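Okay, structure first, notes after.
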């Protein structure tokens, strides 16, 4: 299989939606070789995108919790495990 050693496995994974007072944006995590390499923010059809200040907070949140988000998605969708909600208090730094 010559030539296949340089092929990277890239997964685009729509992960979460950020909502605020009728506004909504979604974050897609780009995963290469099992590592989150990029967070791409997209608009949701039929909704106005998050205001800049809320969008910045949403991206900061996804960046801070990206590993936990991916792990919970794997646990739920791959292993069909029941998940407990995680309560996050305070602002993300």
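How far is helix 52-77 tilted off the main Cα axis of the chain, in degrees rounded to 10, range 0 to 90? Value to nearest ten degrees: 50.
With the helix formula -39500 (n - 2.57) applied to DSSP H stretches of n ≥ 4, the chain reaches a computed 222 nm mean residue ellipticity of -10000 deg cm²/dmol. What residues from the stretch 32-61 fall in the zone where the backbone N is under 17 Å from a label point 7 Å along the Cα-to-C-beta line of residue 72? Residues passing the 17 Å test: 58-61. Among 42, 16, sorting on how many other beta-carbon atoms sit within 10 Å of each Cβ, with the fewest leading, yields 42, 16. Taking every alpha-carbon pair under 8 Å whose residues sit at least 6 apart, the chain reaches a relative contact order of 20 percent. Among (1) 14.1, 45; (2) 15.6, 54; (3) 17.4, 55, which is the computed Rg and Dmax of the Cα atoms in Å? So the calculated entry is the one marked (2). By the beta-carbon count within 10 Å of each Cβ, the least crowded to most crowded order of 50, 29, 83, 55, fewest first, is 83, 55, 29, 50.
Length available on full extension from residue 11 to residue 44: 0.36 nm per residue minus the Cα-Cα distance, which gives 9.9 nm.
Each reported figure results from applying straightforward, stated rules to the coordinates on display, with no laboratory input. Here the structure is a predicted model, which is why all the values come from computation and not from measurement. With ideal geometry, Cβ positions are generated from the backbone for all residues, glycine too; neighbour counts draw on all protein chains shown.
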